[in-house]
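The values are calculated or read from the model by the stated rules, or taken from the named source; none is laboratory data. In this text, all values refer to a predicted model and were calculated from it rather than measured experimentally. Positions of Cβ are generated from backbone atoms using ideal geometry, with glycine treated the same way; all protein chains shown enter the neighbour counts. Just the protein is used for accessible areas: all its heavy atoms, side chains included, with ligands, DNA and RNA removed. Shrake-Rupley method; radii C 1.70, N 1.55, O 1.52, S 1.80 Å.
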Amino acid sequence: MTKQAKILVSLACIILVAVIIQLSFFLYSQHQVKNIHHQEAYAQGVTQQIDQYYFDKETGFIIEDMNEEDLVNIRSHLNDLEESEALGPKQIQAYNDLHRRYFARDEVNAMYVEPVITGGHVNSNVPYVENIDYYTLLETVDPYRFQETEDYFQETINLLIDDALTQTLNYETAITTLNNLKFIPVTDGYFEVIARGVKEAEEAYALVYNQTLLTKLNDAFQSYARELIEEINTSNIDVANHQELQSAMEISPYLKRLFVGE
């Protein structure tokens, strides 16, 4: 082979190698593009999956039969995206929002004997559970309030939490006041103190309307009334002509109804 032929063969080999390298880069880049498109499609699919758990995206309510297993399933998809470095803030925010809504609804529904939020519907006049307690609600339910509401679901959650806290706090006030009144002597010099205490319990009572709390409050008032009447009868107090007791009845409408029937 001549020197010139050897040079041509060497050039051909170099060109062939260059073409192979370029082709390899091209095929690799195509593969990368396909991977990126696949990851983007997967990420979009996760977002759509999250959206499917909404009963109504505009109002923000989630479907009734959603459970914690669904959240675990979504979390596993997010882990897959994270491993492939395709997890974006959009998916994280969507998951966190759904997660918060689910547990907010779960905690609020747990305040009642049956769920008040079912799908996109809010039930009314549902009694609280028997052991509902103001201080427990502060620890378990109040943290799920939304600081800035964005839709009707969040407004509903806040309203139900605030309402439960208000009612249970007034219930606690009325019960505590009635219990404390039992330690006040039913005798001259104390009837005005008793009247003011009963009035405070009455005012707290007026702000409670859930049947569970009302039933217990009615029992507490009736119990206190029986004890009060018994002590007055035992002391042979002439209610109609007892000036101090008559003045006390002007302070407390409940006492007046109790002794006069008005």
task: Figure the gain on full extension for Asp151 and Glu172 (residue separation times 0.36 nm, minus the Cα-Cα span) and round it to one decimal in nm.
output: 4.4 nm
- prompt: Residues with amide H under 5 Å of Tyr54's amide H, sequence separation 5 or more or different chain, H placed in the peptide plane at 1.01 Å from N; which?
  reply: Ile63
message: How large is the direction-averaged shadow of the alpha-carbon convex hull of the stretch 103-211, in nm²?
response: 7.9 nm²
message: Rounded to two decimal places and with Rh computed the Kirkwood way over Cα pairs, what is Rg over Rh for the stretch 205-248?
response: 1.16
- prompt: On the accessible surface of the stretch 100-238, probed at 1.4 Å, how many percent belong to carbon and sulfur atoms?
  reply: 48 percent
- line: Note, Asn125: beta-carbon cut-off 13 Å, +1 each Lys/Arg, -1 each Asp/Glu, net -2
- line: Among the stretch 43-73, those whose backbone N falls under 18 Å of a label point 7 Å along Cα→Cβ from Glu114 are 64-65
- request: Grab the Cα-Cα distance for Lys182 and Asp162, subtract it from 0.36 nm times how many residues apart they are, and report the gain in nm with one decimal.
  value: 4.1 nm
task: Would you mind calculating the gained length between Asp97 and His242 on full extension (0.36 nm times residue separation, minus the Cα-Cα distance), in nm to one decimal?
output: 45.8 nm
query: Taking amide hydrogens as modeled 1.01 Å from N in the peptide plane, which residues meet the under 5 Å criterion relative to Thr118, leaving out close sequence neighbours?
result: Asn123
query: Heavy-atom accessible area per residue, the stretch 54-193, 1.4 Å probe: how many Å²?
result: 55 Å²
